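The values are calculated or read from the model by the stated rules, or taken from the named source; none is laboratory data. Just so we're clear, the structure is a prediction, and the values are computed from it rather than from any experiment. Neighbour counts are summed over all protein chains in view; Cβ atoms, including those assigned to glycine, are modelled from backbone coordinates with ideal geometry.
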Amino acid sequence: MRRRGLVVGLGSIGRRHLANFRGLCPVDEIAVLRRSEDDGTARKLGADLVFTQLSEAIAFSPDWSIIATPATMHVESAIALANAGSGLLVEKPLAASVQEARMLVEWCQQRNHTLMTGYNLRFDPTLQALQRSITDGKIGCVLGIEASVGQYLPDWRPGVDYRKSVSARRSLGGGALLELSHELDYVNWIGGGKMQVVGAQLKKTGALQIDVEDWVDLHLQDPSGVLASIHLDFLSRVPHRVCRVTGAEGSLVWDGIGRTTTCLTVGSEEIVSQASGDDRNESYLAMARHFLSCVYGDSPPLVDGSQGLGVIEMVEAARQMNDTLSQAA
């Protein structure tokens, strides 16, 4: 019997997943669930079937499902498909609220069901090299972490009105805090998994004429006192994505655009890891392979539902702190 997979949603990330899983699973039967009738895109990318109703997808009984719809739509389809026996890879963020994310995580935990959160940067070899270098003690005891990402939102999807995109609409889970939550996930990961938000400022600058925050600054701390700062924005005309970890014996610098990790110590500079070319799809493919090993093997998800929930908890804590600060001003 052929293995079966499903991609829910056919926006830019859904199309990427469909093409990737089609390449990794050439003989599997892969279906797409989307709201509109097939315009040929799904078939062109390798879909065998196209559904427009969730009931049709459930009857298809997929072994695995990729949830690639807006965050506000994740939980309903995810739980229904998991109930039908499908392993889940839910695109980041896991959900639009802590309540929904917790409901999904607890549901899957109670049934020992595969639930993975789609933070693909965890599978980037240069970021993995940064984390290994910290674990190996390459810079000694970690003292602090600084992460920053910025990219001009109108440049994200050329030819599309950015103001109508998921990223720009609060009703669909948009805003810099959720859309750029990769930084919250990986900073918590390299920081040992116990980071808590202790300060937050969110701002709608008005520069993009959108109803969500386009500028975010966060401060985090772990129980040992290690501090971290995270900056997120939709405004930087020159894209950047960088993380600097300062240790007692040196620093590690990750350049997510140049795809390098460098170790800096007194009098020396060493490239720890450098990825060849600008292949952003590499981490998505690695994530897809890992997810399939979780569904068809015994591998636990590298980024499970609990970690996805942890990010949403940090997001809500940041919003509450920002609201408190705004009211006090």
Number of the condition not met by Leu184 [criteria: (1) buried (at least 21 other Cβ atoms within 10 Å of the Cβ); (2) closer than 23 Å to Asp304 by Cβ; (3) out of contact with any helix residue (DSSP H, G or I) (no Cβ under 7 Å at 6 or more places or on another chain); (4) not acidic (Asp, Glu)]: (3)
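Matching residues to (1) part of a helix (DSSP H, G or I); (2) without any contact (Cβ under 8 Å) to a residue 40 or more places away in the chain; (3) closer than 19 Å to Asp185 by Cα:
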position	(1), (2), (3)
Gly258	no, yes, no
Leu264	no, yes, no
Met287	yes, no, yes
Ile312	yes, no, yes
Ala317	yes, no, yes
Asp323	yes, yes, no
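Being part of a loop (DSSP other than H, G, I, E, B), of a type in the set (Gly, Ala, Ser), within 18 Å of the chain's Cα centre (by Cα) and surrounded by 14 or more Cβ atoms within 10 Å (Cβ to Cβ): is that true of Gly174 here? Write out each step before concluding.
Details: part of a loop (DSSP other than H, G, I, E, B): yes; of a type in the set (Gly, Ala, Ser): yes; within 18 Å of the chain's Cα centre (by Cα): yes; surrounded by 14 or more Cβ atoms within 10 Å (Cβ to Cβ): yes.
In short, yes.
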Any idea which of Val142, Val160 is free of Cβ contacts under 8 Å to residues at least 12 places away in the same chain and among the β-branched types (Val, Ile, Thr)? Val160
Testing Asp298 on (1) surrounded by 13 or more Cβ atoms within 10 Å (Cβ to Cβ); (2) of a type in the set (D, E, K, R); (3) more than 18 Å from the chain's Cα centre (by Cα); (4) closer than 30 Å to Arg4 by Cα, one condition comes back false. Which one is that? (1)
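Here is a list: Arg241, Arg280, Arg319. Which entry is touching a Gly at 6+ places or on another chain (Cβ under 6 Å) and of a type in the set (D, E, K, R)?
Arg241
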Helices (runs of 4 or more DSSP H) enclosed by the stretch 11-119 - at least 2 residues per element that are at pLDDT 95 or above: 12-24, 54-60, 74-83, 98-110
Under the condition of being over 15 Å from Ala19 (Cβ atoms) and not charged (D, E, K, R), which residue from the stretch 29-49 is surrounded by the fewest Cβ atoms within 10 Å (Cβ to Cβ)? Ser36
